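Bear in mind these aren't lab numbers, they're just calculated from the coordinates by the rules spelled out. Every value quoted in this text rests on a predicted model; they were computed, and no experiment measured them. No Cβ is skipped: glycine too gets one built from the backbone with ideal geometry, and neighbour counts run over all protein chains shown.
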Amino acid sequence: MRDEVVASTDGCVKCTICEQACPVAAVTDLFPGPKYVGPQAERFRHGDSVDRSVEYCSGCGACSVVCPQGVAVAELNIRARAQIPRSRRETLRNLALGDTESVARLAGLVPGVANALLGNRAVRRVAQWLAGVHRLAPLPAFAPRRSVRSFWTKSPGEGVPVVYFPGCSTSWYEPWLGEMVVAVLERNGISAQIAAGRCCGLPAQSNGFFGLAARRVARIAKELGAPVAKGTPVLASSTSCALMLMSEAKDVLGIESDPVLRLAEATWDVSEFLLDLHRQGRLDQKGLSPISRRVYYHPPCQQRRHLSGRPALELLALIPGVEIIESTQYCCGIAGTYGLKAEKYEVAMEVGRGLFSEIADSSPEVVACDSETCRWQITHASGVPSVHPVELLYESYGLSGARRPLRQDAKRKSARR
Amino acid sequence: MTQALSADVLVIGGGSTGVGVAWEATRRGLSVILAERSNLAGGTSGRFHGLLHSGGRYVVSDPRSASECAAENKALRSIAPQAIEDTGGLFVSLEGDDPAYAEGFPLACERAGVEAVAMSPAEARSAEPAVNPGIQAAFWVPDASVDVWRLLGILSAQAAEGGAKILEHHEVVSFEQEGQRVLGARLKDSATGETRWVSAQVVVNATGAWSGRVAAMAGCEVEILASRGVMVAFADRLSHLAINRCIRPSDGDIVVPIRTVSVIGTTDVAVADPDDTTVAPEEVAAMVAAADQLIPGAGSARTLRAWAGVRPLYRPPGGAGSGATRTVSRAHALVDHATQDGVEAFVTITGGKLTTLRLMAEEAVDLVVAKIGLPATPAFVEALEEKPARPAYFRLPDALAHRESVWGGDRDAVVCECEGVLRSDVVALVAAARGRIGIGDLRRSLRVGMGPCQGGFCSYRCAGLIAEAAQAAEAVTEDLVEFWKERFKGTATVSFGAQARQEILDRWLYASPLAPPGEPVALP
Amino acid sequence: MNRRADAVVVGAGLAGSIAACRLAQAGAEVLLVAAGEGSMGLAPAWLDVLGRMSGPVSSPLAGMQSLPDSHPYARMGSGVVQEAVEFFSSLVSSLDYRGGLEDNMALPTSLGGRHLCAMAPPAMAAGNLDRAGSVAIVGIGAMRDFSACLVAQNLSAGGALSAQGVTVDFAGAGADLGNLDVARRIQEPKLRAQLGAEVLACIGGAERVGFPAVLGLGAHQEVVGDLERILGREVFEIATVPPSVPGLRLSSALAVLRRTLGVKEVIGARVTGFVPGPGGVGGLRVRAASRSQIYEADYFVIASGGVLGGGIEVGHQARSETILGLQIPEGPLGSLGVAVDNSLRPLGPSGDPVFQNVAFAGATVGGADPIGELSSQGICVATGYLAAEVVKAEVAKVARAK
Ligand SMILES: Cc1cc2nc3c(=O)[nH]c(=O)nc-3n(C[C@H](O)[C@H](O)[C@H](O)COP(=O)(O)OP(=O)(O)OC[C@H]3O[C@@H](n4cnc5c(N)ncnc54)[C@H](O)[C@@H]3O)c2cc1C
Ligand SMILES: Cc1cc2nc3c(=O)[nH]c(=O)nc-3n(C[C@H](O)[C@H](O)[C@H](O)COP(=O)(O)OP(=O)(O)OC[C@H]3O[C@@H](n4cnc5c(N)ncnc54)[C@H](O)[C@@H]3O)c2cc1C
């Protein structure tokens, strides 16, 4: 049978709606646009990779979201990008960015040293020259071992069981977020079992390592097979992990195995899950105490591909006192690891320019955004601290114990110049 | 009447046969005029299935044709590799197909000299993942696909280089005869309506399905059974190998990948009028269903166009036969009207396949030469033979690479997005023609407007470039509207699913931002 | 997993946007779901109501009177159409639409044709071909989608006015410019000043200057203002093939309105079917990234864009509406649509409404020949408006009953 993604090119009527929506083509001539490199080029590829023009696709997925004809434009482009022949140096750089789990496992052993190195300008200059990672790019900081330990030793508490999938970011960079997620769930009668710290495979996929990505997803599907079979929901607080587990494993990597498909159906974005609780009247709304704060909310591009509206926005609206400014911009530019790359950093910053200036204009106290890489980019570019929406719920519930180390944001800010 | 022309040979018909004859005659040093009533490949040749036959199709039913195809397949590959994509092909038998046919197939191939390699179903599936997984038997054959416009473009350009005069849009309307000898013919220029007189030592009738009519003008008889075949193109390549069904030739038994599309064909229906190229919706449905058997999923793939071509099947005088078109030989016929009808200096070459055009041309020119002798200095042949090695077969990704070559630069632009045609390609042709060129010509030369949007976006861009050069907006606009109508003719029977959506979009384009002055565009 | 709202609107095109905004303005909680963007970014942003019947129509309002009873305009009545158009104008008042239903204006096309429409944004309306005087048509060398030569020569050949085509370079802009590339670049004051100077040098005494419709997105007014200042005469925009820059301005204006009016949206998710309920439809089945969800509501507006938008599937055998599975009456491809009653409820083969709580709007509504009549946008606005009115009344009834 014809591959579904390839077959979707049949739907393209050349209407240009994807070109209108592409945030990358809007800011650079380096990218000829999603239609050009997608459904148009695909008819010629024939398994060959003769076109490098797809290189600058950031994989944000705007094209697939807006296409009324159901063409899997982004999926085609991510696949095509993975086919581009690369130099050894490029491959190494991409592997370092794509195999986040291995890198984090190593560096996580000595977070202090790693952070010191990554925060050092000279080191970053060398890293750009040697490894093609832009010296200013917002690399995450490894969490102190204390907070990591505190997250992993958190007990699930009482209630209806779910699995919480922490992904790389919570496992190694922002363990406090995991603690907060678990606490907020517990507050609402949900008992979250924490799944093993794993990479979902998305960074590997977007850096062209489909085999590695497929192994990552398959491993998770296997590890979570038992609870999923019992109908236990799997929750992710990282929108990219959720996207990978929900749809990209099938649509981009082409994995059709039962465990992966079942996992897809079981996977929820944590805000979507909480909002669903609320719709069922099971969310403790009364317990939310006022926070008087001006919050700018930006739904990340990956979250929009969950096709579930803006659940975090609706959740934030439940918090008394919060003044919400809703983003009208599509993308912050970072697109996972895209904006970290030396040759793409400027493009990514340009993509996010509209967002950054909207943030500046609305002078919020904090930016809420569901994706970690977007938060890092937003704070890097705008200087405004950023949090996951659940962090605000946590605060509003008056929960305590987990704390975001303040210096994280400060550091990121100082790394800008 | 404009000035008279004369040549050693007047070739009537600019299909594969006529162009082949003109090319071969020029190579042998004869002076040639070719007259074609529409454009090159404007008849059956431009409406064929696109397969450079391995011969496998005919090994059982028509072994002579099969052997000829096998030999000529090799010959054409070396003559015009740039017009050929070396796809390779499969013969497969499906569940329920007569196993005896597949069993006898290898021996029949061997006898006919057709190369065929038996494969296990598993091997065939890995060679062509799109093929029906339920295949029972499979053979690999050296099928290839041919871009006919390119092929005829190459041959006619070489002939023109050797001095041949190629007159498109010139119809032969009558012959000049002196007693029982043909002296030449009268041509009518369809652009100006003027007629001109061409005298020739020998006239070659290469008008395919029309050769009966043309022969009759000279008082000769050629009986042609016109047999119409329908083909349907899918918007994408569904397979990379040509896939033939390993059964007796029947309807919808071959899928050919041609450039960006796959084409399923064909049918075989006797028609009275060779210009009858109508396509019935049932035929389209039957073709799509047949494709789905060879390539599961094809049934729901987007169909792009349907068209029909009319085969010139030759029936020798007095030759009996049931009249069933499937059983008439696909082999070609060379008729010397001097011996058959007592008319001198007139020969007809017809029937055959596009694949066998070189052989047909060789035999026809042999006869011409026998009638008038060779000129003393066949200089062109040597010049031609000394040409440096030709480029290799074309490959689909080459077109993408061509498009890619302009990306990121400041030099060029893509005009036809579906087929990756560059502005520089269009401008070069327009300039060479000094603006006297139609969008249809660009289509045949460059594939402009042949992709999924069927010209919706690129045709206007081309019109702009032509208008710029010709400074004749009115005529260009008229040509543009004609082009739209012509494109719509081929999509009427395949407007389902995505193609129906495309059609609405294109209709909106022509009714709204691209509405021409005056009356709205009357699309079929 | 279910979501609930007072009304669910399917489709983010012109019709769906009008319906959603109208409903939200009336205080309803509206959930809008769309498989993708609508076609506003494709069509020129003039507002067609009725441009042709057997020949050109000079007054849409007058022409409407002689349409057959089954035509959506006839079903709704010209009063509703007028109200709807007024609603549209006031809704997108920032775009300052000109014209009205009394008289059509004739605007130039990219092929130098005359397009008859009821209303248009000011920069397009300024291209009115019935105004006397000479015009210059400006093409931009590297722009593939506009030929000043075709436009100008065809306009002049029409005899009504004298048009001169000029083609200028857009400095440093590259060799291949799409409509959006120009629209974005021209927002740079320096670049448009350069362009203006180049144009000024070659337009002689032309009284108006026509550009392809790429004169800026968000900064459109500044772009037009600057060019008029530099050129010292009126500037107008000529509709182009997609992407339609004026269409995008309309589309983003409506998107902002939907958001500020509190419409909740899910873009990118396809509705694949429905679940029955008391009024006919209880909820719509929506395909999210990995699960289906049911969107429940009291009332539903389906503005799914007809064949092109995805609201009608043309199969080898049958043609059917994609959400409720309604059969589409036979007809030419360009006029396929759902048969509706005067309240836009879908009709079954017997001619009776089959779903009480569903109203159709936009290009999925049958009974018209939108391409031949040049009436699609008017139908979208009017049916979107009426669908909202019908739903509004019904939601109020439900509220009262509760
Ligand atoms: C459905 C179908 C599928 C086919 N598929 C294949 C295939 O896959 N592979 C293959 O090898 N072969 C195939 N064939 C066969 C092949 O297409 C024909 O054998 C070949 O194209 C015939 O070429 P021709 O030049 O003889 O005829 P034509 O191409 O018809 O040329 C005759 C020309 O004469 C012109 N003409 C007619 N009258 C006059 C006049 N009075 N004055 C001037 N010009 C005139 C016509 O306009 C026409 O262009 C197929 C045929 C059909 C019908
Ligand atoms: C190039 C072009 C030029 C045009 N010019 C003119 C003109 O000059 N005059 C004129 O009157 N009209 C013109 N039109 C037509 C006019 O623009 C459209 O007919 C009109 O905009 C349709 O609007 P709509 O709201 O009905 O549908 P659309 O704008 O098509 O929106 C349909 C919406 O429904 C969604 N949808 C469909 N099916 C589903 C589903 N199953 N689940 C979820 N969502 C779904 C789609 O994703 C989309 O958001 C033109 C159109 C084009 C393309």
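So how do A:S271, A:S191 line up by other beta-carbon neighbours within 10 Å, fewest first?
On the way: A:S271 29, A:S191 16.
Sorted ascending by nearby Cβ count, the order is A:S191, A:S271.
Ignoring solvent entirely, what values of log10 I(q)/I(0) come out of the Debye formula for region C:332-402 at 0.18, 0.23 Å⁻¹ when each Cα is a single scatterer?
Each listed q maps to, in turn, -0.70, -0.99.
Taking a cut-off of 16 Å between Cα atoms, list the aspartates and glutamates near B:K165, but don't count ones fewer than 8 places away on the same chain.
Candidates past the 8-residue exclusion: B:D8, B:E24, B:E36, B:D189.
Net charge near B:E72: determine it from the other residues with C-beta under 11 Å of the C-beta of B:E72, scoring Lys and Arg +1 and Asp and Glu -1.
It works out to a net charge of +2.
With Cβ to Cβ distances under 13 Å as the rule, what net charge do the other residues near B:A285 carry (K, R +1; D, E -1)?
My count for the surroundings of B:A285 gives -4.
Could you list the residues of region A:137-163 with an amide nitrogen less than 14 Å from a label point located 7 Å from the Cα of A:T28 in the Cα-to-C-beta direction?
Counting backbone N atoms under 14 Å from the label point, the list is A:137.
Evaluated at 4 °C with a viscosity of 1.567 mPa s, what Stokes-Einstein diffusion coefficient in µm²/s does region A:106-217 have when Rh comes from the Kirkwood expression over alpha-carbon pairs?
In µm²/s, the coefficient rounds to 82.
When B:D236, A:D3 are ordered from fewest to most other Cβ atoms inside 10 Å of their Cβ, what list results?
Working: B:D236 23, A:D3 13.
Fewest-to-most Cβ neighbours within 10 Å comes out as A:D3, B:D236.
³J(HN,Hα) across region C:284-301 via Karplus (A = 6.51, B = -1.76, C = 1.60, θ = phi - 60°), whole Hz, x for Gly/Pro?
Each residue of region C:284-301 in turn: 10, 8, 10, 8, 8, 4, 9, 10, 9, 10, 9, 9, 9, 6, 6, 9, 10, 10 Hz.
Starting from the alpha-carbon convex hull of chain C, give the projected area averaged over all orientations, in nm².
Over every viewing direction, the Cα hull of chain C projects on average to 20.7 nm².
For each of B:E478, B:E68, count neighbouring Cβ atoms within 10 Å of the residue's Cβ, then give the residues from fewest to most.
Final ranking by Cβ density, sparse to dense: B:E478, B:E68.
Read phi for every residue in region A:345-356 and hand back ³J(HN,Hα) as whole Hz from Karplus 6.51 cos²θ - 1.76 cosθ + 1.60, θ = phi - 60°, with x for Gly and Pro.
Result, rounded to whole Hz: 3, 4, 4, 4, 5, 5, 4, x, 3, x, 5, 5.
Just from its helices, what would the mean residue ellipticity at 222 nm be for chain B, if runs of 4 or more DSSP H residues each count -39500 (n - 2.57) and the sum is divided by every residue, rounded to the nearest 500 deg cm²/dmol?
It comes out at -11000 deg cm²/dmol, rounded to the nearest 500.
By its C-alpha gyration tensor, with a ≥ b ≥ c as the square roots of the eigenvalues, how is region A:4-82 shaped: rounded for a/c under 1.5, else prolate for a/b larger than b/c, else oblate?
Oblate, because a/c is 1.5 or more while a/b does not exceed b/c.
Could you tally the net charge around A:S238, taking each other residue with its Cβ under 10 Å from the Cβ of A:S238, Lys/Arg +1 and Asp/Glu -1?
Around A:S238, the surrounding residues sum to -4.
Inverting the mean 1/r over all pairs of different Cα atoms, compute the Kirkwood radius of region B:161-292 and quote it in Å. Intermediate values should be presented prior to the final figure.
Numbers: mean 1/r = 0.0553 Å⁻¹.
Answer for region B:161-292: a Kirkwood hydrodynamic radius of 18.1 Å.
Considering just Cα atoms, how many Å³ per residue does the convex hull of chain B enclose?
On the way: hull volume 83.7 nm³, N = 524.
With only Cα atoms used, chain B gives 160 Å³ per residue.
What three numbers, in Å, describe the spread of the alpha carbons of chain A along their principal axes, ordered from the longest?
58, 51, 41
Give the Debye-formula value of log10 I(q)/I(0) at each listed q (0.04, 0.05, 0.08 Å⁻¹), with one equal scatterer per alpha carbon of the protein assembly as shown, two decimals each.
-0.27, -0.42, -1.02
For region B:396-511, divide the Cα radius of gyration by the Kirkwood radius and give the resulting Rg/Rh value with two decimals.
Across region B:396-511, the Cα-based Rg/Rh ratio is 0.98.
Which far-off residues, 5 or more places away or on another chain, put their amide H under 5 Å from the one on B:V421, with H placed in the peptide plane?
The list, which skips near neighbours in sequence, is B:V415, B:C416.
With springs only between Cα atoms under 10 Å, which of C:Q194, C:Q377, C:Q82 fluctuates most in a Gaussian network model of chain C?
C:Q194
For B:E344, what residues show an amide H to amide H distance below 5 Å, using hydrogens built from the backbone and excluding near sequence neighbours?
B:R181, B:V182
Before anything else, pin down the relative contact order of chain A: Cα pairs under 8 Å, at least 6 apart, normalised by residue count, whole percent.
The value is 16 percent.
In whole Hz, with x marking every Gly and Pro, tabulate ³J(HN,Hα) for region A:6-22 from phi via Karplus 6.51 cos²θ - 1.76 cosθ + 1.60, θ = phi - 60°.
5, 4, 5, 4, 3, x, 5, 10, 6, 6, 5, 4, 5, 5, 5, 8, 5
Calculate the dipole size of region C:110-238 relative to its Cα centre from +1 charges on Lys and Arg beta carbons and -1 charges on Asp and Glu beta carbons; express the result in debye to the nearest 20.
100 debye
Let a ≥ b ≥ c be the square roots of the eigenvalues of the Cα gyration tensor of region B:65-185; is it rounded (a/c under 1.5), or, if not, prolate (a/b larger than b/c) or oblate?
Working: a/c = 3.13, a/b = 2.23, b/c = 1.40.
It is prolate, given that a/c is not under 1.5 and a/b is the larger ratio.
For Cα pairs less than 8 Å apart in space and 6+ apart in sequence, what is the mean separation divided by the residue count of region B:396-511, i.e. the relative contact order in percent?
Rounded, it is 21 percent for region B:396-511.
Give me the distance between the Cα centres of region B:8-57 and region C:281-301, rounded to whole Å.
Cα centroid to Cα centroid, the span is 61 Å.
In debye, nearest 20, what is the charge dipole magnitude of region A:281-414 about its Cα centre with +1 on Lys and Arg Cβ and -1 on Asp and Glu Cβ, if you could check?
Values: 17 positive and 15 negative charges, 73 e Å.
In debye, rounded to 20, region A:281-414 gives about 340.
Taking C:K392 as the anchor, which aspartates and glutamates have their alpha carbon closer than 20 Å to its alpha carbon, excluding any fewer than eight residues away along the same chain?
Output for C:K392: C:D6, C:E29, C:E83, C:E86, C:E265, C:E296, C:D298, C:D341.
Within the P(r) computed for region A:281-414, what percentage of the Cα pairs occupies the region above 19 Å?
Here the tail beyond 19 Å accounts for 50 percent of pairs.
Most mobile of C:A163, C:A125, C:A62 per a Gaussian network model of chain C (Cα springs, under 10 Å)?
Its mean-square fluctuation being the largest, the pick is C:A62.
Please report the relative contact order for region A:281-414, taking Cα pairs under 8 Å with a sequence separation of at least 6, and give it as a percent rounded to a whole number.
Once divided by the residue count of region A:281-414, the mean separation gives 28 percent.
Tell me which residues come under 5 Å, amide H to amide H, from B:L34 once H is placed; ignore anything under 5 positions away on its chain.
Answer set, sorted by chain and number: B:V11, B:K165, B:I166, B:L167.
Pairs A:K222/A:K250; A:K286/C:K402; A:K35/A:K344: which exceed 23 Å Cα-Cα?
Among A:K222/A:K250; A:K286/C:K402; A:K35/A:K344, the Cα-Cα distance tops 23 Å for A:K286/C:K402.
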